Amino acid sequence: MIENLSEEHYWALKAKEVEDALLARVPENKIRPRIEPTARLAELLGDPQKAYRVIHVTGTNGKTSTSRFIERLLREHGLRTGRFTSPHLVKLNERISLDGEPVSDERLYNVWTEISPIVDLVDAELESSGDDALTFFEVLAVLGFAIFADAPVDVLVLEVGMGGEWDSTNVADGDVAVFTPISLDHMDRLGETIEEIAKTKAGIIKPGAIVLSAEQKSEALKVLAERAAAVGEKFLTYGKDFGVTASSLNKLGQTVSVRSVAGEYHDLNLPVHGGYQAQNAALAVAAVEAFLGGGDQRIMDDVVRAAFADFSSPGRLQIVNREPLTILDAAHNEDGARSLVGAMRESFGAPYAVAVVSILAEKNARALLEILDDTFAEFIITQSESPRAIPAETLAELAREVFGGDRVHVQANPQWALAEAAKLLPPTLGSAIVVTGSVTLVGQVLKLKQIEAEQDA
């Protein structure tokens with residue numbers, strides 16, 4: 001151990017070495033439609049993804065929340081769980097969680113040192129054949145698989161990075177394939193229509209899998225049904241086989257009742273906001289019923305009740321302050337923005353609200369802003385630390401075209417943007433600040449709030 005360096009700090013530095021090594025690779029927003037390099041790396045490591053059972057989750061919006069809900073239900077059954085999600089909000093370790101907690105810096109580093117020589121070997125093979133070295137996400141996925149095998153876990157809840165068929169996570173075979181709502185996003189890689197995108201995502205359905213789907217557009221549902229009929233065991237859908245039967249607001253979120261495949265669960269306290277989160281929770285219950293008993297076995301009420309009460313979804317309608325009410329929501333595409341707009345009306349009573357917004361360059365910024373128009377009184381345009389963020393002044397020019405100049409303010413520093421938003425709120429109860437537009441902005445603000453909380457402690 002380095003002299004005068006605490007053990008915690010030492011391992012944090014070692015974990016930073018792992019992150020730096022990963023970030024030196026082709027970034028995840030440049031994911032290539034290939035799966036063979038990931039399969040080769042996993043094979044040389046003994047296929048760690050085959051050491052546990054898998055629930056595979058894909059879709060456009062709601063993947064991370066649904067994955068977190070599924071994992072919490074499984075953990076309440078006493079199973080040792082792994083959870084792989086992306087992107088992270090504050091720290092890379094969040095993507096690889098054991099029993100609901102981010103992997104420790106020590107374990108992350110130790111497993112990395114075990115697999116990195118094999119990573120180098122596969123890089124060399126690829127380069128000698130004229131192909132590109134392994135990408136950030138290809139290596140991260142296999143690092144996660146190795147960490148989960150090392151733990152070991154009983155079951156992995158595995159969120160797809162992008163698409164499905166050629167995504168690196170698809171070297172794993174899911175016993176259960178879960179589809180959250182599918183919409184237009186990443187069209188440069190996944191296809192220009194709902195049908196094309198659904199076809200790519202349907203690639204996670206493996207022979208004998210039970211397939212569950214959230215409410216879908218008809219084009220997507222047709223594709224999923226055809227793939228499930230061809231190779232899956234059964235196909236269960238929101239509305240027909242399971243769903244939310246009742247929902248009402250409470251002080252911490254909502255109280256919901258769920259009709260699932262194997263039974264009904266009534267008056268469950270769900271401490272997250274938004275009607276779509278209740279639907280995600282219903283999908284999670286059905287997925288766990290399918291995983292544990294093929295959809296024929298009801299979960300004990302106490303298990304569901306305890307798991308629901310502990311559900312969380314950081315960065316999704318997350319309240320980080322009450323005075324003034326400050327909400328973080330990582331809406332970064334049109335459907336995400338529509339969900340935010342609906343939640344502001346239905347869950348928060350349509351308050352006077354100021355939006356703090358940053359958007360990444362590859363997104364349809366105009367469409368996002370237009371959806372937010374009627375919900376927010378004023379907009380502060382800022383810029384997250386991501387190199388892909390649209391410069392604040394450039395985004396502000398577009399915002400003025402959409403909202404008019406009087407409603408648009410510019411503050412490139414997110415911390416100062418929050419302070420300016422607070423000054424713009426009227427001196428009455430019921431107003432709100434909403435930070436939205438990109439995951440990177442939400443993560444940056446969440447980190448600021450965590451630092452503030454530590455300083456106040």
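Let me know the charge dipole size of the stretch 329-400 about its Cα centre in debye, to the nearest 20, where only the beta-carbon of Lys, Arg (+1) and Asp, Glu (-1) is charged.
40 debye
Hey, could you grab the Kirkwood Rh for the stretch 191-264? Inverse mean 1/r over distinct alpha carbon pairs, Å, one decimal.
The Cα-based Kirkwood calculation yields 13.8 Å.
Report Rg(Cα)/(2.2 N^0.38 Å) for the stretch 372-415, keeping two decimals.
1.12
Taking only protein heavy atoms into account and a 1.4 Å probe, give the accessible area per residue of the stretch 38-95 in Å².
In whole numbers, the stretch 38-95 has 31 Å² accessible per residue.
Would you tell me the accessible area of MET344, worked out with a 1.4 angstrom probe on the heavy atoms of the protein chains, in Å² to the nearest 10?
0 Å²
What dipole magnitude, in Debye to the nearest 20, does the chain give about its Cα centre under +1 on Lys/Arg Cβ and -1 on Asp/Glu Cβ?
Its charge dipole is roughly 1060 debye.
Once Lys and Arg get +1 and Asp and Glu get -1 on their Cβ, which of VAL288, GLY275, SER257 lies farthest toward the positive end of the dipole of the stretch 213-308?
Toward the positive end, the furthest listed residue is GLY275.
Could you tell me the largest-minus-smallest coordinate of the C-alpha atoms of the stretch 1-85 on each of the three principal axes, in descending order and whole angstroms?
46, 36, 30
Using Cα centres only, tell me the gap between the stretch 3-44 and the stretch 343-369 in whole Å.
33 Å
Can you send over the carbon and sulfur percentage of the accessible area for the chain, probe radius 1.4 Å, protein chains only?
Ligands and nucleic acids excluded, carbon and sulfur give 49 percent.
D for the stretch 95-253, whole µm²/s, Stokes-Einstein with Kirkwood Rh over alpha-carbon pairs at 20 °C and 1.002 mPa s: what number?
Once the numbers are plugged in, D ends up at 119 µm²/s.
Based on a Kirkwood Rh over C-alpha pairs, give the Stokes-Einstein translational diffusion coefficient of the stretch 1-146 at 20 °C and viscosity 1.002 mPa s in µm²/s.
Translational diffusion coefficient: 130 µm²/s.
Rule-of-thumb check for the chain: C-alpha Rg over 2.2 N^0.38 Å?
0.97
What percent of all Cα-Cα pairs in the stretch 314-457 falls into each 10 Å bin, going from 0 up to the bin containing the maximum distance?
Binned Cα distances yield the sequence 12, 49, 34, 5, 0.
Rounded to a whole number of µm²/s, how large is the Stokes-Einstein D of the stretch 133-189 at 37 °C and 0.692 mPa s, given Rh as the Kirkwood radius over C-alpha pairs?
254 µm²/s
Taking the solvent-accessible surface of protein heavy atoms with a 1.4 Å probe, what is the per residue accessible area of the stretch 134-260 in Å²?
That works out to 36 Å² per residue.
Over the alpha-carbon set of the stretch 265-321, work out the extent along each principal axis and list the three values in angstrom, largest first.
Rounded to whole Å, the extents work out to 42, 18, 15 Å.
In Å and whole numbers, how far do the C-alpha atoms of the stretch 199-341 stretch along each principal axis, longest first?
Ordered largest first, the stretch 199-341 gives principal extents of 54, 36, 20 Å.
Could you order peptides 355-361, 36-42 by the average number of other Cβ atoms within 10 Å of their residues, highest first?
So the order, starting with the most tightly packed, is 355-361, 36-42.
What does the accessible area per residue of the stretch 398-457 come to in Å², with a 1.4 Å probe and no ligands, DNA or RNA counted?
52 Å²
The values are calculated or read from the model by the stated rules, or taken from the named source; none is laboratory data. From a predicted model like this one, the values you see are computed outputs, not experimental measurements. For neighbour counting, all protein chains shown are included, and Cβ atoms are generated from backbone atoms with ideal geometry for every residue, glycine included. Heads up: the accessible areas ignore ligands, DNA and RNA and are worked out on the full protein's heavy atoms, side chains in. Shrake-Rupley method; radii C 1.70, N 1.55, O 1.52, S 1.80 Å.
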